[in-house]
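First the structure, in the form of structure tokens, and then the observations on it.
The values are calculated or read from the model by the stated rules, or taken from the named source; none is laboratory data. Please read these numbers as outputs of a predicted model, since none were measured by experiment. Heads up, the Cβs are rebuilt from the backbone with ideal geometry, glycines too, and the neighbour counts pull from every protein chain shown.
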Amino acid sequence: MSDTGITVRKNEDFSEWYTQVVLKSGLADYAPVKGCMIFREHSYAIWEKIQEIFNKKIKETGHRNVYFPLFIPESFLKKEAEHFQGFVPQVAWVTMGGNSPLEEKLAIRPTSETIMYATYAKWIRSWRDLPIKLNQWCSVVRWETKATKLFLRTREFLWQEGHTAHTTKEEADREVMEILNAYKDVIETYLAIPVLVGKKTEMEKFAGALYTTALEAMMPDGKALQMGTSHQLGQHFSKVFDIKFLDKDEKEQYVWQTSWGFTTRVIGAVVMVHGDDKGLVLPPKVAPVQVVIVPIPYKGAETEAIMTKAKEILEKLQKKDIAVVLDDRQEYTPGWKFNQWELKGVPIRIEIGPRDLKQKQVTLARRDTFQKITVKEDETADAVTKLLEEIQTNLFNKAKKLLEESTTTVKSYDEFKKVLEQKGGFIRASWCADSACEEKIKDETGATIRTVPFEKEKPFSKCVHCGKDASEVVYFARSY
């Protein structure tokens, strides 16, 4: 295989395979700053697709986009002790402006609760000012000391963060679930990745939240990846930042708040879940290029006729709003182009050669299965539309099978440890709900409780660790 192709197999060296796919497909590159990355055109176009999908959802439910400053005064962060402690190890500080020391240290945004809520306290006076439902697309900086990995763990990453304020707990609870369901739809319907949804334990919840809900996906190497979180913040921050309103009875109340976010790590999940030994495999609904047309030239006049036909098909597909590219570069062979577009994960390749021209047909090649079919020229647009849907469904079904096969139910701690070492994945187990037990499991195995299902399941054994009576069924895993 050439140096432009993937030189390791996915099932042999997963970590090296992942890095090669990300770099060689043109998704990203390493930045000159250690631990940071460059989002190249290919990945940024995927992120724009995701933004477009999610923006449409939240705007339909009355949310609006804003932008708050990157710099956060230290005093703001310190106001909420638990929140501050949770972020201190990861905060990057600005202490100088030019040659002059700053009067107050400024944090480079690790998250925006504090700066937004200090402002909400100014904006909110009465129940008429509520709800406030704001979201921002921005980057955040967390000075990770662990090994960094493109998309999954970098010092600066892109995300959206939503911050809302409500008159009642019930309204805030509804908001948490509405967003969680919106995330689930984006991840499952568009990214074709099935997820487990549920609550986080007290130990794993967001610092300062009443409770945290999350979506967890399973990667092919047996590790879980958190795909998004939606937090009910209660009145915790509103009491710290004095966000009060006069209710309809002229009584002063504190607002109820939520915050929620997902990041560019979801692009890493798409690479890991769907990619293969030839590179990326993109779900059609988020692929920046859904179809590539590769003409296969022959001799003189025939080549011209092939190019004319390719342009006709390009126009037909564009009219159907299909993201299509005609690769008419003459300096590369068709075979080289096939490999390059496969590496980039384009869902469908259309080949037009002399035989296709003669028989008034085109050849469609699927990226997910490599299967080739020929269709009549005038049926190309309909066949492509149908095939894109089939590929999207197939990718989701394959990923769902992976999730199911990666979930194991265990009753004893010995079995727990054995499964974790031999195959990883989600481990479904009964638990006594004691944080001390949870902490011990984490220390001894590196596995954490990824999710407590919303619908309580009946414990099927004693606590997997301590052997006391269990009160919950939870899902453990090692994670990214």
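Below, the figures for the structure above:
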read-out	value
Filter result for the condition that a residue is surrounded by 24 or more Cβ atoms within 10 Å (Cβ to Cβ) and in the same structural domain as D173 (by TED's automatic domain parsing), over L246, L233	L233
Candidates I322, I350 - the one that is at pLDDT 95 or above and over 22 Å from I187 (Cα atoms)	I350
Flag if G26 is over 26 Å from Q136 (Cα atoms), outside the structural domain of R153 (by TED's automatic domain parsing), surrounded by fewer than 17 Cβ atoms within 10 Å (Cβ to Cβ) and touching a residue at least 24 places away in the same chain (Cβ under 8 Å)	no
Those residues of segment 287-310 which are assigned to a loop (DSSP other than H, G, I, E, B) and either of a type in the set (A, V, I, L, M, F, W, C) or at pLDDT below 95 (or both), in sequence order	A287, V289, I296, P297, Y298, K299
Total residues in segment 378-413, condition under 18 Å from K223 (Cα atoms), in contact with a helix residue (DSSP H, G or I) (Cβ under 9 Å, 6 or more places away or on another chain), assigned to a helix (DSSP H, G or I) and not basic (K, R)	2
Test for L280: is it under 31 Å from the mean Cα position of the chain (by Cα), under 26 Å from Y332 (Cα atoms), buried (at least 24 other Cβ atoms within 10 Å of the Cβ) and at pLDDT 95 or above	yes
Flag if T119 is farther than 19 Å from E82 by Cα and polar (S, T, N, Q)	yes
Lone qualifier among T201, T213 - being part of a strand (DSSP E or B), hydroxyl-bearing (S, T, Y) and buried (at least 19 other Cβ atoms within 10 Å of the Cβ)	T213
Residue list for segment 445-472, restricted to those being surrounded by fewer than 17 Cβ atoms within 10 Å (Cβ to Cβ) and either within 29 Å of the chain's Cα centre (by Cα) or in the same structural domain as K200 (by TED's automatic domain parsing) (or both)	G446, P453, F454, E455, K456, E457
Residues of segment 333-355 satisfying the condition of being within 22 Å of E312 (Cα to Cα) and either surrounded by fewer than 20 Cβ atoms within 10 Å (Cβ to Cβ) or among the basic types (K, R) (or both)	T333, P334, K337, F338, R349, G353, P354, R355
Positions within segment 420-468 being of a type in the set (F, W, Y) and farther than 18 Å from E216 by Cα, in sequence order	W431, F460
Condition check for E80: in contact with a helix residue (DSSP H, G or I) (Cβ under 6 Å, 6 or more places away or on another chain) and modelled with pLDDT under 95	yes
Which listed residue is among the hydrophobic types (A, V, I, L, M, F, W, C), assigned to a loop (DSSP other than H, G, I, E, B) and either touching a residue at least 12 places away in the same chain (Cβ under 8 Å) or surrounded by 18 or more Cβ atoms within 10 Å (Cβ to Cβ) (or both), from F68, F87, F76	F68
Subset of segment 211-235 (residues that are among the charged types (D, E, K, R), over 12 Å from the mean Cα position of the chain (by Cα) and within 11 Å of R450 (Cα to Cα))	K223
Selection within segment 435-463 - β-branched (V, I, T) and either in contact with a Lys or Arg (Cβ under 7 Å, 6 or more places away or on another chain) or part of a strand (DSSP E or B) (or both)	T445, T448, I449, T451, V452
Matching entry among T167, T154, T189, T148 (being buried (at least 20 other Cβ atoms within 10 Å of the Cβ), touching a residue at least 40 places away in the same chain (Cβ under 8 Å) and among the hydroxyl-bearing types (S, T, Y))	T154
Enumeration of residues in segment 113-130 that are in contact with a helix residue (DSSP H, G or I) (Cβ under 7 Å, 6 or more places away or on another chain) and either in a strand (DSSP E or B) or touching a residue at least 12 places away in the same chain (Cβ under 8 Å) (or both)	E113, T114, I115, Y117, A118, D129
Checklist (1) among the hydroxyl-bearing types (S, T, Y); (2) at pLDDT below 95; (3) in a helix (DSSP H, G or I) applied to S43, failing item	(2)
Residue list for segment 128-158, filter: among the aliphatic types (A, V, I, L, M) and either within 22 Å of E60 (Cβ to Cβ) or not assigned by TED's automatic domain parsing to the domain that holds E113 (or both)	L130, I132, L134
